[in-house]
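What follows is a single structure, written as structure tokens, with notes after it.
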């Protein structure tokens, strides 16, 4: 079953996460499909806007922790492999010369939150939850989290958010700058699609230059941070605390960290 579906009409490309029954995890299949679809978007003639959405009750729970549990070859090797492709796909997605609109609902956690935070406009349903649980399972962050959340929240607030593994509701996320618009759940699809269509009908070349200028202002940080995050999480993945955090979460018990 595909992890990601794509449609294109009137200059608007819609990317939809389709593993609803699994909480739309950022797993190997999704990473491969996202990488391929981003490549297609760069070649898509007439592209003027991209809408990112998800099926099911949650946008995404983030990384697939079951795949992180005692993987063959060790967790650091798996992390190196996944981040190489995921980070490339994310960087190229965010750099598209057209507006990116994220339509989110339910849980938006971990790496999927960074994916959303890197979009140009984020429309969220009331009652959505936004969290960064990396520290709770003994891992550092990846997927550009340190760059995209800093861009939206400011460094001090973003750092506290990640260190304390906070979970914010939609209104708190709006106040913190993670999302740009909060609407009732029954209006989410219409509001996000309407905004995306409005942007698709706008001055695409001007939008592209605006994005390029803002990305250039933070590009050195983003590019270096993606690599730093990949190397850091691979190092942390080799620790006892990381193994304990993942085991504890899968077993639905409290983790006991030793600092090792």
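The values are calculated or read from the model by the stated rules, or taken from the named source; none is laboratory data. For clarity, every value in this text was computed on a predicted model and none was experimentally measured. Please note: Cβ atoms are built from the backbone with ideal geometry, for glycine as well, and neighbour counts cover all protein chains shown.
Might you let me know whether segment 5-17 holds any residue that is in contact (Cβ under 8 Å) with a residue 60 or more places away in the chain, within 15 Å of the chain's Cα centre (by Cα) and within 18 Å of residue 113 (Cα to Cα)?
Looking through segment 5-17, none of the residues is in contact (Cβ under 8 Å) with a residue 60 or more places away in the chain, within 15 Å of the chain's Cα centre (by Cα) and within 18 Å of residue 113 (Cα to Cα).
Before we move on, is residue 90 at pLDDT below 95 and within 17 Å of the chain's Cα centre (by Cα)?
yes
Quick check: is even one residue across segment 231-246 modelled with pLDDT of 70 or more, exposed (fewer than 15 other Cβ atoms within 10 Å of the Cβ) and at positive phi?
No, there is no match, as no residue in segment 231-246 is modelled with pLDDT of 70 or more, exposed (fewer than 15 other Cβ atoms within 10 Å of the Cβ) and at positive phi.
Check off (1) in contact (Cβ under 8 Å) with a residue 12 or more places away in the chain; (2) touching a strand residue (DSSP E or B) at 6+ places or on another chain (Cβ under 6 Å); (3) more than 25 Å from residue 147 (Cα to Cα) for residue 62 and give me the number that stays unchecked.
Failed condition: (3).
Would you pick out the residues in segment 107-130 that are more than 16 Å from residue 13 (Cα to Cα) and surrounded by fewer than 21 Cβ atoms within 10 Å (Cβ to Cβ)?
Matches in segment 107-130: 126, 127, 129.
Output the number of the condition that residue 75 fails; it satisfies all remaining conditions of (1) closer than 24 Å to residue 190 by Cβ; (2) buried (at least 19 other Cβ atoms within 10 Å of the Cβ).
Residue 75 satisfies all of (1) closer than 24 Å to residue 190 by Cβ; (2) buried (at least 19 other Cβ atoms within 10 Å of the Cβ) except (1).
Kindly indicate which of 20, 29, 36, 70 is out of contact with any strand residue (DSSP E or B) (no Cβ under 8 Å at 6 or more places or on another chain), modelled with pLDDT of 95 or more and either on the phi > 0 side of the Ramachandran plot or surrounded by fewer than 21 Cβ atoms within 10 Å (Cβ to Cβ) (or both).
Within the list 20, 29, 36, 70, the selection yields 36.
If a residue has to be touching a residue at least 60 places away in the same chain (Cβ under 8 Å) and farther than 20 Å from residue 102 by Cα to count, how many in segment 135-154 make the cut?
Residues that pass the stated criteria total 6.
Considering only residues of segment 155-179 that are within 18 Å of residue 100 (Cβ to Cβ) and buried (at least 17 other Cβ atoms within 10 Å of the Cβ), which is farthest from the chain's Cα centre (by Cα)?
173
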